[in-house]
Structure formats: C-alpha cells, structure tokens
1. Would you say Trp76 is of a type outside the set (Gly, Ala, Ser), in a loop (DSSP other than H, G, I, E, B) and touching a Gly at 6+ places or on another chain (Cβ under 8 Å)?
2. Please specify each residue of the stretch 7-42 satisfying the condition of being part of a strand (DSSP E or B) and either more than 23 Å from Glu56 (Cβ to Cβ) or out of contact with any helix residue (DSSP H, G or I) (no Cβ under 9 Å at 6 or more places or on another chain) (or both).
3. Go through (1) outside any loop (DSSP other than H, G, I, E, B); (2) in contact with a helix residue (DSSP H, G or I) (Cβ under 9 Å, 6 or more places away or on another chain); (3) of a type in the set (A, V, I, L, M) for Met64 and report which single condition fails.
4. Can you pull out the residues in the stretch 21-45 that are β-branched (Val, Ile, Thr) and over 17 Å from Leu3 (Cα atoms)?
Amino acid sequence: HDLYVLDEFTYPMEWGWVDVDEVVETLRDRPGRQYVVVTGRRAHPDLVEAADLVTEMTKVKHQMDRGQKGQRGIEW
C-alpha cells in the first residue's frame, strides 16, 4: 500500500504501549513511495523531528458549543 493512516497513534506511544524509537526507525526505513499519516495530540518530539509535516489543529468554533448534539456519520 502507498498510504497508511495511523489514526490517534500518538496516544499508544505516549502511554508506552508502542516504542517511540521503533516507530521512528520504521518510518525512516519505509519505502520511499509510502506515505504515513499519524494523528493525535502531544506527538513525541522524536516523531515530530522525523516527520516531513506537522500540524496542530485547534477548534475555533463548533456547533456543539451551541448545544447541537453529535451527528451520526459526522462526529461518530
């Protein structure tokens, strides 16, 4: 496969369930045609250093702030 999405994967690294050094080594040694997206907050500094792109997203406005409940297919 050419694209892997490791959704919320920063948390297992933060909790010590997955070795950060092993993750970074695996990402660095992957074939050049593979793209890997890792999501989650509080990424380990070593992961940030190894990454090509790092983004932090923060909510500015959300309809839940007005009391709208989560919608099937959108929030869950």
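The values are calculated or read from the model by the stated rules, or taken from the named source; none is laboratory data. The structure presented is a predicted model; accordingly, all values stated were derived computationally and were not measured. Here Cβ is always computed from backbone atoms with ideal geometry, including for glycine, and neighbour counts include all displayed protein chains.
1. Numbers: of a type outside the set (Gly, Ala, Ser): yes; in a loop (DSSP other than H, G, I, E, B): yes; touching a Gly at 6+ places or on another chain (Cβ under 8 Å): yes.
Taking the combined requirement at face value, the residue satisfies it.
2. Step one: filter the stretch 7-42 for residues part of a strand (DSSP E or B), giving 35-38.
Matches in the stretch 7-42: Tyr35, Val37.
3. Going through (1) outside any loop (DSSP other than H, G, I, E, B); (2) in contact with a helix residue (DSSP H, G or I) (Cβ under 9 Å, 6 or more places away or on another chain); (3) of a type in the set (A, V, I, L, M) one by one, Met64 breaks only (2).
4. Let us first name the residues in the stretch 21-45 that are β-branched (Val, Ile, Thr), namely 23-24, 26, 36-39.
None - no residue of the stretch 21-45 is β-branched (Val, Ile, Thr) and over 17 Å from Leu3 (Cα atoms), so the list stays empty.
Residue-wise test of (1) touching an Asp or Glu at 6+ places or on another chain (Cβ under 9 Å); (2) exposed (fewer than 12 other Cβ atoms within 10 Å of the Cβ); (3) among the hydrophobic types (A, V, I, L, M, F, W, C); (4) modelled with pLDDT under 90.
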residue: Asp2; (1), (2), (3), (4): no, yes, no, no
residue: Glu8; (1), (2), (3), (4): no, yes, no, no
residue: Gly32; (1), (2), (3), (4): no, yes, no, yes
residue: Val36; (1), (2), (3), (4): no, no, yes, no
residue: Leu47; (1), (2), (3), (4): no, no, yes, no
